[in-house]
Amino acid sequence: MEGGSKKAIIAAFFANLGIAIAKVIGFMFTGAASMLAEAIHSFADTFNQGLLILGGRMAKRERSKEHPFGYGRERYFWSFIVAMIIFSLGSLFAIYEGIDKLMNPHALNNHIWAIGILSIAIVLETFSLRTAVIESIKVKGDMTWWNFIRKSKVPELPVVLLEDIGALIGLVLALVGVGLAMITGDPAYDAIGSLSIGILLGIIAIILGIEMRSLLLGESASEETIRKLEKAINQHPDVCRLIHMRTEHIGPEELLVAVKVELSGEFDTGGVAKAINSLEESMRSQVKIKLTIYIEPDIFDGGACPVK
């Protein structure tokens, strides 16, 4: 796991743990449904950060006979599990609490406690989000934030970003719900706040689930990486033409590359091996991530070699 991802996860872990404890205390004093929904949400987020750390450690295991390409996809798997936890423990519980409080309303107590704790939680969550944003900026490049979430091959940063954004918006919704319940004396606003939190978390969980599923199934390299690899192949002196190339991420920082090329000139067996080894070195020099490369020399029947 990259240093930036780990830093963002650890910041989120401690922020969510502190927030969760504070929210439980707030619920004990107020009985607010939105406060309980937020407490469960924060405990789930804390657990999620632990799973992301676990996934990072498990991904570092050495290759084995059963897993010859390593365990890099562990990080995708545990990020997918995190999405499911957000949906089950976060979204569904908050919706249940909201419906229950709408059907069985009761007045809230000690509103000031709830408002104070939610305000502190907003400050802590903002710190966690700030850390995630700073670390994400270092790796997202020119991508928009939406494209970074959708196209990033590093799963932890998008997960933490969406978690923190959801948590921050959820805290604001809870604060509004408790505030309106205090001003109007109608506890339905608190229940509506809990329902809103549940719907928000459900949307975030679905987005994360779709993206992590795509990574688990296997995604190709980014367009930029593909262009660099194609350039390295086409400009190599021993290559006549690139016939085709297939890429697939077998981990956030490892790429499987299968290439079929036509070599220029005539080579004996030793010459072919030397040309392929040289081509592999050229490809690896163009990208920062680890490459597992398989190159097959072939003959293209579409005409003579293009002029370079």
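The values are calculated or read from the model by the stated rules, or taken from the named source; none is laboratory data. Since the structure is predicted, the reported quantities are computational estimates derived from the model, not experimental observations. Please note: Cβ atoms are built from the backbone with ideal geometry, for glycine as well, and neighbour counts cover all protein chains shown.
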Kindly indicate the residue of the range 217-235 that is touching a Ser or Thr at 6+ places or on another chain (Cβ under 7 Å) and part of a helix (DSSP H, G or I) and also surrounded by the fewest Cβ atoms within 10 Å (Cβ to Cβ) among those meeting that condition.
-> ILE226
Within the range 232-272, of all residues that are closer than 25 Å to SER222 by Cα and among the small types (Gly, Ala, Ser), the one modelled with the highest pLDDT is ALA258
Would you pick out the residues in the range 141-160 that are within 20 Å of LEU200 (Cα to Cα), within 8 Å of the chain's Cα centre (by Cα) and without any contact (Cβ under 8 Å) to a residue 60 or more places away in the chain?
-> PRO158
From PHE47, PHE43, PHE27, grab the single residue that is more than 25 Å from the chain's Cα centre (by Cα), in the same structural domain as SER194 (by TED's automatic domain parsing) and either assigned to a helix (DSSP H, G or I) or closer than 30 Å to HIS111 by Cβ (or both).
-> PHE27
Of the numbered conditions (1) outside any helix (DSSP H, G or I); (2) at negative phi; (3) in contact with a Lys or Arg (Cβ under 7 Å, 6 or more places away or on another chain), SER64 fails exactly one; give the number of that condition.
-> (3)
Given the conditions (1) modelled with pLDDT of 90 or more; (2) under 30 Å from PRO155 (Cβ atoms), every one holds for LYS288 apart from (1)
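Kindly evaluate ALA132 against the criterion of being over 27 Å from ALA221 (Cβ atoms) and in the same structural domain as PHE29 (by TED's automatic domain parsing).
Taking the combined requirement at face value, the residue does not satisfy it.
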Only one residue in ILE19, ILE10 is surrounded by fewer than 18 Cβ atoms within 10 Å (Cβ to Cβ), part of a helix (DSSP H, G or I) and in the same structural domain as GLY90 (by TED's automatic domain parsing), so which one is that?
-> ILE10
Confirm whether SER214 is under 19 Å from TYR294 (Cα atoms), surrounded by fewer than 18 Cβ atoms within 10 Å (Cβ to Cβ) and hydroxyl-bearing (Ser, Thr, Tyr).
-> no
When the range 52-86 is checked residue by residue, the ones that are modelled with pLDDT under 90, surrounded by fewer than 21 Cβ atoms within 10 Å (Cβ to Cβ) and under 30 Å from ALA191 (Cβ atoms) are MET84, ILE85
Report, by residue number, each residue of the range 251-276 that is of a type in the set (Val, Ile, Thr), surrounded by fewer than 18 Cβ atoms within 10 Å (Cβ to Cβ) and in contact (Cβ under 8 Å) with a residue 12 or more places away in the chain.
-> VAL272
Exception for MET283 within (1) in a strand (DSSP E or B); (2) crowded, with 18+ Cβ neighbours inside 10 Å; (3) at pLDDT 95 or above; (4) among the hydrophobic types (A, V, I, L, M, F, W, C) falls at (1)
For SER282, work out the one condition from (1) out of contact with any His (no Cβ under 6 Å at 6 or more places or on another chain); (2) farther than 30 Å from ALA39 by Cβ; (3) not charged (D, E, K, R) it doesn't fulfil.
-> (1)
When every residue in the range 141-150 that is at pLDDT 85 or above and in contact with a helix residue (DSSP H, G or I) (Cβ under 9 Å, 6 or more places away or on another chain) is compared, the one nearest to GLU211 (Cα to Cα) is ARG150
